[in-house]
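Chemist: For reference, the structure I am asking about is given below.
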Amino acid sequence: MKKYIKIVLITLLSLVALLVIVGFGGWMYLKNSFLEFEEDYSQSIQVQQKTTDGYTYTDRNGNGTLDPYEDARKSIDERSSDLLAQMTIDEKIHLLKGSGIASAMGRVEPGTGIPGAVGTIVPTPRLGIPTTYLSDGPAGLRIAPKRPNEDRTYYCTAFPIATLLASTWNTDLVQEVGSAMGNEAVEYGIDVILGPGVNIHRHPLCGRNFEYYSEDPLLTGFMGAAMVNGIESHEVGTSVKHYVANNQETNRNNNNTIVSERALRELYLKGFEIVVKKSQPWTIMSSYNKVNGTYTSESPYLLTEVLRNDWGFEGLVMSDWFGGNDAVAQINAGNDLLEPGTKLQWDDLIEGYENGTLSEESINRSVKRILELIIKSGKLDGETFGNNPDLKAHAQTTRQSAAEGMVLLKNESTLPLASSKNIALFGVTSYDFIAGGTGSGDVNEAYTVSLEEGLTNAGFSINQQAKEIYEAHKAANPEAFVKPEGMNAMFQPYNPPQIPYTKEQIEQVSTGSDVAIITIGRNAGEGGDRVEKDDFLLTAVEQEMIKNITDTYHQANKKVVVVLNIGGVIETASWKNIPDAILLAWQGGQEGGNSVADILSGKVNPSGKLPMTFPINLNDHAANANFPLDGKPMGMFDMVAGKEVPENEQVANVDYTNYEEGIYVGYRHFDKAGIEVSYPFGFGMSYSSFSIDTLITKLKNDTIYASTRVTNTGDIAGKEVVQLYFSKVNSSIDRPVQELKEFAKTDILEPGESEELTFRIPVSELSYWNESSDEWSLENGVYEVRAGASSRDIKKISMVEL
């Protein structure tokens, strides 16, 4: 017996020892491959100011001489060329990849670095080149808000999601948001913001649609360019992502997008092309996926032939985090910077140089682009940062932009509400408002204003019985109301249980309130796609809640408003006739509750327009035939360890996705197929009314000039958007019925006031991609120029002949 016990104990101790050894070995592998592998390149740079011939400079390499790269009076090209010439081949290769994920995990020495900055461009100590910091940022910077042994905080502003900003149809306002974001980057020492995202909404269930602007490439491109121009006005870089055709999260690291050249050029590349030509961003981020069999980060066609040769892009391309499969192929293709960088990539690059598969010419090309960015950032010239952004002013920018992007979908003599009203708030999200999506698009903000807080701030009284029901529900489900932080939010979505109101509860609340507001919440983000059941579609609890509350309040001649606090499209056709008003509030950032209150109270007249179509059924989308519908979430290690599947074992819409719908995405499809929709692209109501009185068009040389006069025909001051669609009459080409080619938004018009809007459309923008000749072709003949308030509300038509 004792012998048996001894054997068991020895076995157990051996297993424990083995687990410890394996765990320690695994940790050491992780540490040395992904976290701490810089060794001699860790930043320890001591520099001095010197003066030569009356010019003061930073002596970066400590040689006591003014080198060209240290001279801020010289051009970026001169300075980067000098730096390149002074670097050893080892230093050049080292610069091609980041320093790992330690910074993103907050593993930096106190007083050094920027905890939470998701990536870096590594330092070169011998030449005094400091670290350059990259931060997530489609809706605001994402850095660690608290640091060890420091009393102060480093919170950032949570701005509205991209979909809401696109709903403003106001490029000046989006540029203002970008400027505020750029100011925060400067103040916190961030050199490049990883955004904006300019993929189009191919399908409503893409988990990251909230990071993207629209189903239309022109609206996407205009909004993206405005954001880039705003951010980069502060000498902070952007990384426009995810290039290209990255329209699903399911198996994103290995999915092969199979798409025609025409659809690629006219839809998926077009938004990026517009951004490059209108704003020349510092960087582009290649996407995870393959396009027609090749990883985008390894595609010379996409990264060099299209991006640089066709469009004239001048910046650098960086990979998405752990994107691509072959470091040498990535550099050769024109993917200059590998992020976040691993020891394995570093070793592969060294080996590639030594065996001749990676030439010094390719290395120099990429390194020079990286050096140009470092010089642009001002880091070589000793620029410092104060860690003191004007968060109060940025909160006001957030509040204003969020209100302008909210879309009034329905209003039957209900809104705006009188401030004397007692409001009953129904639904968990009324009290727990969603500021933005999850993943890299999330922000560590100091606060989020709920709808309850916003309405209280606006002077409304909040029904206490309804609030007590919420508080009791929250107390009964404490664990469900704990929000996951950081990376955990990607893999553990926050989705607290809904409140199953009884009819008795609703009746009791209705007797003490004047108006009911029901908030429907949805959230999604990086790491997984949405699903139809209980996400695109309302849950049974939500359907019953809307019906029962509306029935009860209508019996007492009281109104019901539904607020949609969502990041993507949901089904509305089956229930939109029930409530009296519907406000699409999107996710408005940290000031969201105040912004909604501004709309509901009438302080702001809604002027948002939909940047995508709300279909009647999900299957009405042509893309629904080829999209992953099971919403399988990404695992923790899927980000760094993708798995290639043999071709004969590949699963449709997981390992590959065939874009069989071609160019017919969004309204292009619904118009061509003649399908009714719940709310069309470009739709949005106002508390006022507007007329488009005139549409004058003129062709001069290679440009079409158009003008319209817009008049406020209502009783309340407000703004209106005019959308210009072009339609080829009697086309011999298979092409959309109409396509958005320009838009403009008025200033605030007083009742009876008019404004003239002017448009300038290059004739080349009417071209289609000719797959026979592999080039843009222009079809001559007559085109209709359609001025509308939405894609299905055309007010004026003019003709132009090419």
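The values are calculated or read from the model by the stated rules, or taken from the named source; none is laboratory data. The model shown is predicted, which means the values in this text are computed figures rather than measured ones. Heads up, the Cβs are rebuilt from the backbone with ideal geometry, glycines too, and the neighbour counts pull from every protein chain shown. Remember, those area values only see protein heavy atoms, side chains included, never the ligands or the DNA or RNA. Shrake-Rupley method; radii C 1.70, N 1.55, O 1.52, S 1.80 Å.
Chemist: Give me the extension gain from Q508 to T414: residue separation times 0.36 nm, minus the current Cα-Cα distance, reported in nm with one decimal. Present the calculation step by step, with values, prior to reporting the outcome.
Modeler: Details: separation 94, 0.36 × 94 = 33.84 nm, distance 2.21 nm.
Additional length available on full extension: 31.6 nm.
Chemist: Where in segment 562-618 are there trypsin sites (Lys or Arg not before Pro) that are in a DSSP coil and have at most 16 other Cβ atoms within 10 angstrom of their Cβ?
Modeler: Numbers: sites: K576, K603, K609; in loops: K576, K603, K609.
Passing both the DSSP loop test and the Cβ count: K576, K603.
Chemist: Sticking with this structure for a sec: Might you report the magnitude of the Cβ-based charge dipole of the chain about its Cα centre, with Lys and Arg at +1 and Asp and Glu at -1, to the nearest 20 debye?
Modeler: Numbers: 68 positive and 107 negative charges, 262 e Å.
Once rounded to the nearest 20, the dipole reads 1260 debye.
Chemist: Could you work out how far apart the two model spin labels at V47 and E468 are, taking each label as a point 7 Å from the Cα in the direction of the beta carbon, and quote it in nm?
Modeler: 6.5 nm
Chemist: Putting +1 on Lys and Arg Cβ atoms and -1 on Asp and Glu Cβ atoms, find which of A466, G568, F159 reaches farthest to the positive end of the dipole of the chain.
Modeler: Of the candidates, A466 comes out farthest on the positive side.
Chemist: Two-decimal Rg/Rh of the chain from alpha-carbon positions, Kirkwood Rh? List each step's numbers first, then the result.
Modeler: Values: Rg = 27.8 Å, Rh = 28.0 Å.
Rg/Rh for the chain comes to 0.99.
Chemist: Still on this model: Express in nm, to one decimal, how much length is gained between A446 and E779 on full extension, taking 0.36 nm for each residue of separation and deducting their alpha carbon distance.
Modeler: Values: separation 333, 0.36 × 333 = 119.88 nm, distance 5.39 nm.
Stretched out fully, the A446 to E779 stretch lengthens by 114.5 nm.
Chemist: Let me ask something else. Using DSSP H assignments, which helices in the chain have an axial alpha-carbon span of 27 Å or above and a mean Kyte-Doolittle hydropathy of 1.6 or higher? Don't skip to the end; give the middle numbers.
Modeler: Details: long enough: 2-30 (41 Å, 1.72).
Answer set is 2-30.
Chemist: Take the residue pairs K558/K609; K97/K146; K421/K558; K50/K376; K547/K632 and return only those whose Cα atoms are more than 23 Å apart. Walk me through the intermediate numbers first.
Modeler: Details: K558/K609 28 Å; K97/K146 28 Å; K421/K558 11 Å; K50/K376 21 Å; K547/K632 31 Å.
Result: K558/K609; K97/K146; K547/K632 exceed 23 Å.
Chemist: Over segment 585-662, what is the relative contact order in percent, taking alpha-carbon pairs closer than 8 angstrom and at least six residues apart?
Modeler: Details: 26 pairs, mean separation 20.2, N = 78.
Across segment 585-662, relative contact order equals 26 percent.
Chemist: Spin-label point model (7 Å from Cα, Cβ direction): what's the S707 to E150 distance in nm?
Modeler: Label at S707, label at E150, 5.4 nm between them.
Chemist: Right, something else. Would you mind pulling out the separation of the Cα centroids of segment 227-277 and segment 726-755, in Å?
Modeler: For segment 227-277 versus segment 726-755, the Cα centre distance is 24 Å.
Chemist: Leaving out ligands and nucleic acids, note down the accessible area per residue over the chain with a 1.4 angstrom probe, in whole Å². Could the numbers behind the result be given before it?
Modeler: Values: 31100 Å² over 802 residues.
Spelled out: the 1.4 Å probe surface of the chain, per residue, equals 39 Å².
Chemist: In whole percent, how big is the carbon plus sulfur part of the accessible area of segment 564-652, probe 1.4 Å, protein atoms only? Spell out each step's value before the answer.
Modeler: Working: 1640 of 3190 Å².
With neighbouring chains kept in place, the figure for segment 564-652 is 51 percent.
Chemist: Write out the GluC sites (Glu not before Pro) in segment 585-679 meeting two conditions: DSSP loop, and at most 14 other Cβ atoms within 10 Å of their Cβ.
Modeler: Numbers: sites: E591, E644, E647, E649, E660, E661, E676; in loops: E644, E660, E661, E676.
Taking segment 585-679 and a limit of 14 other Cβ atoms within 10 Å, the loop GluC sites (Glu not before Pro) found are E644, E660, E676.
Chemist: Compare K698, K728 by solvent-accessible area with a 1.4 Å probe and give them largest first, with all protein chains kept in place.
Modeler: Working: K698 120, K728 30 Å².
Listed by decreasing accessible area, they come as K698, K728.
Chemist: Calculate what fraction, in whole %, of the accessible area of segment 390-459 sits on carbon and sulfur atoms when a 1.4 Å probe is rolled over the protein chains. Mind showing how you got there, number by number?
Modeler: Working: 1000 of 2330 Å².
Summing carbon and sulfur atoms, their accessible area is 43 percent of the total for segment 390-459.
Chemist: Where the eigenvalues come from the Cα gyration tensor of segment 133-263, what are the semi-axes √(5λ) of the equivalent ellipsoid, largest first, in whole Å?
Modeler: Numbers: eigenvalues 153, 63, 31 Å².
The answer is 28, 18, 12 Å, longest axis first.
Chemist: At 0.36 nm per residue, minus the direct Cα-Cα distance, what do N557 and N477 gain on full extension? Give it in nm, one decimal, please. Can you show the working numbers first?
Modeler: Working: separation 80, 0.36 × 80 = 28.80 nm, distance 3.43 nm.
So the extension gain works out to 25.4 nm.
Chemist: Considering only protein heavy atoms and a probe of 1.4 Å, how much of the accessible area of segment 228-353 is carbon and sulfur, as a whole percent? Before the final figure, lay out each step's value.
Modeler: Working: 1360 of 3120 Å².
Ligands and nucleic acids excluded, carbon and sulfur reach 43 percent.
Chemist: Just read off the accessible area of D347 with the full protein assembly in place, 1.4 Å probe, to the nearest 10 Å².
Modeler: Accessible area, nearest 10 Å²: 60 Å².
Chemist: A further question on this structure: What number, in percent, do you get for the relative contact order of segment 699-802 if the mean sequence gap of Cα pairs under 8 Å and at least 6 apart is divided by its residue count? If you can, show how the numbers build up before the last one.
Modeler: Working: 201 pairs, mean separation 33.3, N = 104.
The normalised contact order for segment 699-802 reaches 32 percent.
Chemist: What residues qualify as long-range amide H neighbours of G437, i.e. H under 5 Å apart, gap of 5 or more or another chain, H built at 1.01 Å from N?
Modeler: none
Chemist: Follow-up. With a cut-off of 8 Å between alpha carbons and a minimum separation of six or more residues, what is the relative contact order of the chain in percent?
Modeler: Working: 1881 pairs, mean separation 106.1, N = 802.
Dividing the mean separation by the residue count of the chain yields 13 percent.
Chemist: Could I ask something else about it? Aspartates and glutamates within cross-link reach of K576: Cα-Cα under 12 Å, excluding same-chain residues under 8 positions apart?
Modeler: E412
Chemist: How large is the charge dipole for segment 50-164, taken about the Cα centre, if only the Cβ atoms of Lys, Arg (+1) and Asp, Glu (-1) carry charge, to the nearest 20 debye?
Modeler: 420 debye
Chemist: So what's the back-of-envelope 222 nm ellipticity for the chain, counting only DSSP H runs of four-plus at -39500 (n - 2.57) apiece and dividing by all residues, rounded to 500? Could you put the intermediate results ahead of the total?
Modeler: Numbers: 19 runs with 218 residues, N = 802.
-8500 deg cm²/dmol, from helical runs alone.
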